[in-house]
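The values are calculated or read from the model by the stated rules, or taken from the named source; none is laboratory data. Keep in mind it's a predicted model, so treat the numbers as computed, not measured. Virtual Cβ from ideal backbone geometry, glycine too; neighbours counted across all protein chains shown. Ligands, DNA and RNA are stripped out before the accessible areas are found, and what is left, the full protein with its side chains, is counted by its heavy atoms. Shrake-Rupley method; radii C 1.70, N 1.55, O 1.52, S 1.80 Å.
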Amino acid sequence: MHEHTPHDLAGKNLIITGGARGLGAEAARQAVAAGAHVLLTDVLDGEGEDLARQLGARARFLHHDVTSEEDWRRAADFAVTEFGALHGLVNNAGISTGTPLEAESVEHFRKVLDINLTGVFIGMKTVIPALKEAGGGSIVNISSAAGLMGLALTAGYGASKWGVRGLTKIGAVELGTARIRVNSVHPGMTYTPMTAAVGIEQGEGKYPNTPMGRVGEPHEIAGAVVFLLSDAASYVTGAELAVDGGWTTGPTVAYVMGQ
């Protein structure tokens, strides 16, 4: 038995990359709670294996470098062998940057694009045959608020996330008649172990430039991912879902009524 959730994933088998911690781990938790079988993949073997054990019989872990075509083929084959079919993919693995464009090295720029964008492309390309074999499915690509607006200090990261946004729409157009939905999720500032290390804090009122005045929590982003994986989103494809507390909506202006 799985917990009752608004967006049931019973009978669905998924791959979630970057699943060892942060958003990927929370997406895996929610997907398993919603009834799915989940193959979570990462290069962080210890954390990934621990999480798979915690999640129980419907979870597996596999070491996976998303820039490797061979690793992608191995992951897709493993999921089909273990679970019998593949119905969904969450392209979550990625790295972030904080360097001015002028100071960004070409080597690092290429590395970020290779992981964040080329890795997404290889993943989509690799799982399409299995999703078609299953009669359709859902691909959720994790982009960013930096893929919806120009954000300083994100030369490689922002470029990669704009690329993910575009690749998502191309996939949606090409794969619609195969009943494969492709959507992107665009988190804003979100509190995770990675962002905590660079000073992101939890709490109301700490980020007045965001309409909701706070950063997001992993479970809030993961909830959007589970929705897009589920049949509740059966007519949603090519969408870009901002889960950012209104950050990309526009500038926030504090005002007092009557003044």
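Points worth noting:
- Helix 69-83 and the long axis of the chain differ in direction by around 60°, with both axes built from C-alpha atoms.
- Projecting the Cα atoms of Gly176, Ala152, Ile128 onto the charge dipole of the chain (Cβ charges, centred on the Cα centre) puts Gly176 farthest toward the positive pole.
- Counting Lys and Arg as +1 and Asp and Glu as -1 over every other residue whose Cβ lies under 15 Å from the Cβ of Leu175, the net charge comes to +3.
- Rounded to the nearest 500, the helix-only mean residue ellipticity at 222 nm of the chain stands at -12000 deg cm²/dmol, with each DSSP H run of n ≥ 4 adding -39,500 (n - 2.57).
- C-alpha center-to-center spacing [the stretch 132-161, the stretch 41-72] in angstrom: 21
- Exposure ranking of Asp8, Asp71, Asp77 by accessible area [1.4 Å probe, largest first]: Asp77, Asp8, Asp71
- Environment charge of Gly24, counting only residues whose C-beta is closer than 13 Å and scoring Lys/Arg +1, Asp/Glu -1: -1
- Cβ charges +1 (Lys, Arg) and -1 (Asp, Glu), total dipole of the chain, debye: 520
- Accessible carbon and sulfur surface of the chain relative to its total accessible area, %, 1.4 Å: 56
- If R0 is taken as 30 Å, the Cβ-Cβ distance between Ile170 and Asp50 corresponds to a FRET efficiency of 0.25.
- Backbone N within the stretch 136-161 under 17 Å of label point (7 Å from Glu102 Cα along the Cβ vector): 152-156
- Tilt relative to the chain, helix 45-55 - C-alpha long axis, 0 to 90 degrees, to 10: 70
- Computed from phi, the 3J(HN,Hα) profile of the stretch 119-134 under the Karplus parametrisation 6.51, -1.76, 1.60 (θ = phi - 60°) reads x, 5, 4, 4, x, 4, 4, 6, 8, 3, x, 5, 5, 4, 4, 7 Hz, with x in place of Gly and Pro.
- Exposed-site-free run, longest, the chain (rule: GluC sites (Glu not before Pro); DSSP loop; at most 11 other C-beta within 10 Å): 4-203
- R0 of 45 Å, Cβ-Cβ distance Leu151-Thr81: FRET efficiency to nearest 0.05: 0.65
- When the charge dipole of the chain is built from unit charges on Cβ atoms (+1 for Lys and Arg, -1 for Asp and Glu) and taken about the Cα centre, the candidate among Ser138, Gly94, Thr67 whose Cα reaches farthest toward its positive end is Ser138.
- A 1.4 Å probe run over the protein chains yields, for the chain, 48 Å² of accessible area per residue, whole-number rounding.
- If the chain linking Ala239 and Leu113 were pulled fully straight, counting 0.36 nm for each residue of separation and taking away their Cα-Cα distance, it would gain 43.2 nm.
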